[in-house]
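A quick write-up on the structure given underneath.
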Amino acid sequence: MSVVVALAVTPPNGTGSGLRKLTYFVACTIDGFIGDPKGDASSTYGYVMGEYLEFLKAEYPETVAAPAWPVLGIEPGTPARRYDTVLQGLNSYRIGLDAGITSPYAHLREYVATRSLTESPDPNVELIADDLVGRVRELKAEEGGLDIWLCGGSTLAGALVDEIDELVVKTYPEVYGSGMPMFGTGFQVREFDLGEVRAFDNGVVVRTYTRKR
Ligand SMILES: NC(=O)c1ccc[n+]([C@@H]2O[C@H](COP(=O)([O-])OP(=O)(O)OC[C@H]3O[C@@H](n4cnc5c(N)ncnc54)[C@H](OP(=O)(O)O)[C@@H]3O)[C@@H](O)[C@H]2O)c1
């Protein structure tokens, strides 16, 4: 049975500022790595089961890649709960692309940051080459809608660390010792307020934090 600790919970699109939030919704190990040194986190896949999987399907269905919906039992047309937009770096997007998947989150508006890829492989995917921060601020300022999911990876999260309004950190009960950090950026202290904490029977803990401004 899962344990829920609800502190100050921020509702979707609820920064109170009128802006859409940029949320880094990310999976990591206990020691804060989002993957092995090359970014591979397949050792954690076995935890996506049972009540934790049901939580993801109920609360964050849109963060499941479209090809996995039938596999995980997500009904076609299931509405997004929190995000209507996803932002990926090229290396993260390339994982699906290399498997022939040009629009992994076809149910969302998809943006891929890249300076090297000049033509989008899919009509649903918009490339961002210049002024990444400015483009993200434009997306945040759009009227209405849900929030923006910063998918990763490490390099992109490092480039956008100061634009992040919220973290949703899914911590898997593993230690890597070294690997790909959550943020590929230099040292600087940045503070966050703790919101909801959910602990699942398989040892996964999902914590939500809001950036202190
Ligand atoms: N655990 C998780 O939840 C999670 C989530 C997502 C990804 N990942 C993992 O993260 C790994 C990839 O991370 P990564 O750090 O190697 O790469 P990444 O952040 O996915 O992509 C990096 C690329 O994004 C582009 N980019 C970054 N900053 C930019 C800017 N300011 N303007 C324009 N383009 C910019 C660049 O593309 P160009 O080189 O084309 O300029 C850069 O090479 C993958 O292995 C993936 O599995 C894990």
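FYI, it's all coordinate maths here, none of it is from the lab. Given the structure is predicted, the values throughout are model-derived calculations rather than measurements. As a convention, Cβ positions derive from the backbone with ideal geometry for all residues, glycine included, and neighbour counts pool all protein chains shown.
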Which three extents, in whole angstrom, do the alpha-carbon atoms of segment 3-211 cover along their principal axes, largest first? 44, 38, 38
Residue order, fewest to most beta carbons within 10 Å, for E166, E75, E119: E119, E75, E166
Checking the table K21/K212; K57/K170; K140/K170 against a 19 Å threshold on Cα-Cα, which pairs fail? K140/K170
Tell me the mean residue ellipticity at 222 nm calculated for the chain from its helices only (DSSP H runs of n ≥ 4, each -39500 (n - 2.57), averaged over every residue, nearest 500). -4500 deg cm²/dmol
Assuming 0.36 nm per residue, please report the length gained on full extension of the stretch S42 to D98 beyond their Cα-Cα distance. 18.5 nm
Take every DSSP beta bridge whose two residues both sit in the chain, then give the antiparallel share in percent to the nearest 5. 40
Most fluctuating residue given options P70, P121, P79, as computed from a GNM of the chain linking Cα atoms under 10 Å: P70
Which residue, L72, G96, Y60, has the largest displacement toward the positive end of the dipole of segment 3-211 when charges sit on each Cβ (Lys, Arg +1; Asp, Glu -1)? Y60
Quick one: of the DSSP bridges fully inside segment 96-213, what percent are antiparallel, nearest 5? 75
Running a GNM on the chain with Cα contacts under 10 Å, which residue among D98, D122, D193 ends up with the highest mean-square fluctuation? D98
Here segment 172-186 yields Karplus 3J(HN,Hα) values (6.51, -1.76, 1.60; θ = phi - 60°; whole Hz; Gly and Pro given as x) of 9, x, 9, 10, 9, x, 8, x, 8, x, 4, 10, x, 8, x
Extension gain R135-F192, at 0.36 nm per residue separation less the Cα-Cα distance, in nm? 18.2 nm
Taking the chain as a Gaussian network, Cα atoms linked when under 10 Å apart, which of P181, P104, P173 shows the biggest mean-square fluctuation? P173
